[in-house]
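Okay, so here's the structure we're looking at.
The values are calculated or read from the model by the stated rules, or taken from the named source; none is laboratory data. All values reported here derive from a predicted model rather than from experimental measurement. Cβ coordinates were reconstructed from backbone atoms using ideal geometry, including for glycine residues, and neighbour counts include every protein chain displayed. We work out accessible area using only protein heavy atoms, side chains counted, and drop any ligands, DNA or RNA first. Shrake-Rupley method; radii C 1.70, N 1.55, O 1.52, S 1.80 Å.
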Amino acid sequence: MDNALVSDRQVAETKTWLRWWRVMFPLALLVVFGSWAVTSPVGSSPDDDYHLSSIWCAGGERSGVCEVVEDEPQALAVPESVGVAHECFAFQPAVTAACTERLTETLVPAERVNNRQGLYPSSFYRVMNVFVGDDPQRSVLMMRLFNAIVFVALLSLAVIVLTPAIRSAVTVVTAVVLVPLGLFIIPSTNPSSWTVTGVIFLWVFGLSLAQRTSWRSRRTWLLAVATCLSAFLAIGSRVDASAFVALAVIVVFVLTGWAKARASWLSFVVLLVLATIGLVQFATFGTPGGDVSGRMGGAEPGLGLFLTNVVYLPVYGIGAVGGMPLGWNDTVLPPLVPVFGLLAVGALTARGLHDVPRSKGVALLVSLGAVVAVPLVFLQREGLGVGEVVQARYLLPLIVLLVLTLSLRVPFRQATDGGLPLPGVLAWVIAVGIAAAASVSLWVHAHRYAAGNERGLFDIDLVLEWTGLLSIPLPVTVGVGVVASVIFVSAALIGVRSDAVITERTDSRTTAFRLVR
């Protein structure tokens with residue numbers, strides 16, 4: 001009788017935690033995204049000269065915003081504070097973002113603009129152009145917050161409507177693999193923001209949609225809309241993301257299986273159409289690389305280059321968790337960040353390999369093959385070495401796709417199918433490590449633009465030359481971001497452990513809930 005009373009109390013406590021973590025997890029993440037957005041000056045994300053100029057000109061010619069340059073047909077004129085904002089601090093880590101305050105709204109020629117070069121799909125730029133106003137700083141901040149809200153809105157929907165197994169996978173991957181690169185890229189004006197968001201939630205909602213056999217349910221239509229939106233985010237961002245959409249659909253198909261695919265044929269028609277649209281766009285744009293004049297790199301693309309790139313390939317995995325500099329590759333993070341990130345990803349890998357049925361094993365091989373083959377083929381073709389041209393942010397969507405698949409427990413179709421177990425000690429070790437990595441990364445990022453890297457990170461007499469995009473003291477912004485980082489990671493791992501309880505429940509409910517303690 002006593003055991004029954006204890007079990008009932010544990011059930012009630014767990015349900016309370018379940019309600020709270022679904023609220024705190026996305027809300028805290030939104031605050032974290034906001035902290036990164038505010039502490040990043042205009043022009044601080046990679047290739048922002050191209051992307052910001054393309055955003056300002058996405059709506060066509062407009063006085064004071066984007067104008068034609070006489071005698072320069074390949075250029076368009078954009079405000080100085082947009083087109084060349086990066087030039088005063090990029091590749092100069094000792095120079096703070098205070099230099100951007102001297103820039104004016106005078107129009108200057110910009111040759112690197114998508115209207116002329118057509119290197120990217122136009123959807124991302126057109127949507128961001130809606131936020132272009134008289135104040136570039138305010139405009140850029142609104143764009144960043146919009147991209148953050150899109151991610152958080154999809155995440156909020158996921159934790160509400162998905163089955164525990166799929167929800168557990170996306171929760172733990174968001175909390176671990178997106179730190180710190182994803183936290184920097186998603187709330188930015190770089191199209192990679194939509195690529196990461198789109199690929200993650202295409203896998204998430206597409207896998208859920210693939211299990212639906214009845215289209216008379218509002219849940220099915222909701223999943224279909226979320227799946228299509230996710231796919232179009234990716235397709236509208238980068239050329240390579242269009243191919244990633246097709247890859248995500250293949251992984252979903254493998255995980256679902258042929259028998260279930262036939263039963264849910266209409267869902268797979270939707271997924272097949274999205275994959276086809278992605279492949280058509282990828283083929284239309286063509287693969288990026290050198291032009292007719294030759295390869296992008298100077299290395300001889302032989303066996304030696306191939307083997308060298310193979311042994312250096314893990315650089316991209318390390319880079320995703322903080323091993324590569326942020327910004328214009330000039331914000332170097334302390335070794336603590338990638339070390340904690342690698343240990344956490346390693347723990348998730350070991351956890352995921354404990355549950356590898358055939359369908360998941362094949363899906364893992366497909367995902368891993370893409371993570372390895374995509375950079376190797378490109379580098380070999382262009383005569384490049386690892387670290388040249390190809391950056392970790394290009395491969396982050398593929399890395400996330402791999403870890404999502406790895407973190408999925410099979411079966412995953414029903415509400416009674418829980419996520420992979422995460423022992424209490426391991427969960428809190430990961431939480432402490434990732435929260436520390438996220439907090440340190442935010443401060444290093446903010447410090448680089450506010451004080452420069454010639455000043456110590458924790459100097460007592462530190463002078464902050466730049467206070468961010470809002471008139472809020474930088475220590476307050478960073479402090480709020482650090483607290484939110486701790487809450488975001490902790491809530492995520494509490495949720496993962498709550499979802500695992502469903503799977504671990506045996507004949508004794510007390511035994512099952514002992515895993516939560």
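For the range 138-194, the C-alpha radius of gyration divided by 2.2 N^0.38 Å, with N the number of residues, is 1.22. Taken over the range 313-382, the alpha-carbon convex hull comes to 90 cubic angstrom per residue.
In the chain, what percent of the accessible surface is made up of carbon and sulfur (1.4 Å probe, ligands and nucleic acids excluded)? Heavy-atom surface of the chain belonging to carbon and sulfur, 1.4 Å probe: 64 percent.
A 1.4 Å probe run over the protein chains yields, for the range 50-101, 41 Å² of accessible area per residue, whole-number rounding.
Can you tell me the FRET efficiency between V463 and V130 if r is taken as the Cβ-Cβ distance and R0 is 30 Å, rounded to the nearest 0.05?
0.20
Going by a ≥ b ≥ c, the root eigenvalues of the Cα gyration tensor, does the range 377-442 fall in the rounded group (a/c under 1.5), the prolate group (a/b larger than b/c) or the oblate group? Because a/c hits 1.5 or more and a/b fails to exceed b/c, the range 377-442 counts as oblate.
If each residue of separation counts as 0.36 nm, what is the full-extension length gain between D355 and R62 once their alpha-carbon separation is subtracted? Don't skip to the answer; put the middle values down first.
On the way: separation 293, 0.36 × 293 = 105.48 nm, distance 5.67 nm.
Contour length minus Cα-Cα distance gives 99.8 nm.
Is the chain best put as rounded, prolate or oblate by its Cα gyration tensor, with a ≥ b ≥ c the root eigenvalues, rounded for a/c under 1.5, and otherwise prolate when a/b is larger than b/c, oblate when not? It comes out prolate by the Cα gyration axes. With the highest mean first, a sort of the peptides 406-412, 131-137 on other beta-carbon atoms found within 10 angstrom per residue produces 406-412, 131-137.
Database note for the chain: Cys without another Cys beta carbon under 4.7 angstrom, C228. Taken per residue, the accessible surface of the range 174-213 reaches 7 Å², heavy atoms only and a 1.4 Å probe.
Along its first, second and third principal axes, ordered by size, the range 415-460 spans 53, 22, 12 Å in Cα coordinates.
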